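Only one structure is covered here, and it is reproduced in the block below.
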Amino acid sequence: PRAIPILGFHWDVGRLIQPLDGLQFGLAWRAASGIPIDAKLDLQLNGTLQNIGELNDVATTLVMPVDLAIFDHYVPERMSFGGSYQWRDWAIGYVDIHRTRWSGMRINVAQVVSSKIESQVFQVEEDLVDDANQYSAVFVDTTDIHAGMEVFLPHISPNKEGGGVKPILRFGGALIPSPLKSQASDTAFLDSDRFLVSAGAGFIHADPFGLVPGPVRWDLFYTRQQLAP
């Protein structure tokens, strides 16, 4: 098991400066983590050599101890900053910026740390083992930008006794660059810059059955994700 520290800070500016009521800022930091796994394998091949000239039958063994290193479930370090502003009771706008440290990326690929081949009969070269999982890829830090807006439409009430619903419209977009800068011909990692556009609608109403203390929200979203070539 591994622990990932996360720290956050939230500031409601309007509580301290009344003219800026509705303005809020947030800051969050998440540490990097992953699960390193060390595996030891002992491979053995047994065989018999027969009818070799005047030699007697010989039983031979090839022994190959291998140490593997695997880094699984990599989570990069990330710093996030966000700000939002609510104008009275009809609109909210927000911007989020995420800085992710992909340059320390560890891919979950098993790699040979050490290996050798031993035999009581044959002479085997030490560098005979070829690690086919070696990769050469360059990852860079990225900055994602997300922005959105909520618009609260006038309250719709079928009667003057209260109740009814409050419709909401939502719009958003995001630019997410790829951390994969380059790679050699021995790998085929797939990633590209992404541009997202989203729209949604919903409404808020009070619980007619009184089962929950707060309002009930219903939302529907549509998101289009455009990938760079």
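The values are calculated or read from the model by the stated rules, or taken from the named source; none is laboratory data. Just so we're clear, the structure is a prediction, and the values are computed from it rather than from any experiment. Note that we place each Cβ from the backbone using ideal geometry, even for glycine, and neighbour counts take in every protein chain shown. Side chains are part of the model used for accessible areas, which takes the heavy atoms of the whole protein and leaves out ligands, DNA and RNA. Shrake-Rupley method; radii C 1.70, N 1.55, O 1.52, S 1.80 Å.
List of remarks:
- Within the option set LEU175, LEU196, LEU169, being open to solvent by less than 50 Å² (accessible area, probe 1.4 Å) and either in a strand (DSSP E or B) or free of Cβ contacts under 8 Å to residues at least 60 places away in the same chain (or both) holds for one residue only, LEU196.
- Exclusive hit being modelled with pLDDT of 85 or more, touching a Phe, Trp or Tyr at 6+ places or on another chain (Cβ under 7 Å), farther than 26 Å from VAL138 by Cβ and surrounded by 14 or more Cβ atoms within 10 Å (Cβ to Cβ), set GLY14, GLY82: GLY82
- Boolean, SER185 is loosely packed, with under 10 Cβ neighbours inside 10 Å and either at pLDDT 95 or above or within 30 Å of ASP67 (Cβ to Cβ) (or both): yes
- Meets criteria (on the phi < 0 side of the Ramachandran plot, of a type in the set (D, E, K, R), touching a residue at least 12 places away in the same chain (Cβ under 8 Å) and open to solvent by 80 Å² or more (accessible area, probe 1.4 Å)) for ASP67: no
- Close pairs from the stretch 201-229: first more than 17 Å from SER157 (Cα to Cα), partner modelled with pLDDT of 90 or more and assigned to a loop (DSSP other than H, G, I, E, B), Cβ under 6 Å, at least 6 apart: LEU227/SER192; ALA228/SER192; ALA228/ASP193
- Applying the condition of being in a loop (DSSP other than H, G, I, E, B) and open to solvent by less than 80 Å² (accessible area, probe 1.4 Å) to the stretch 202-229 and asking which residue is modelled with the highest pLDDT yields ALA228.
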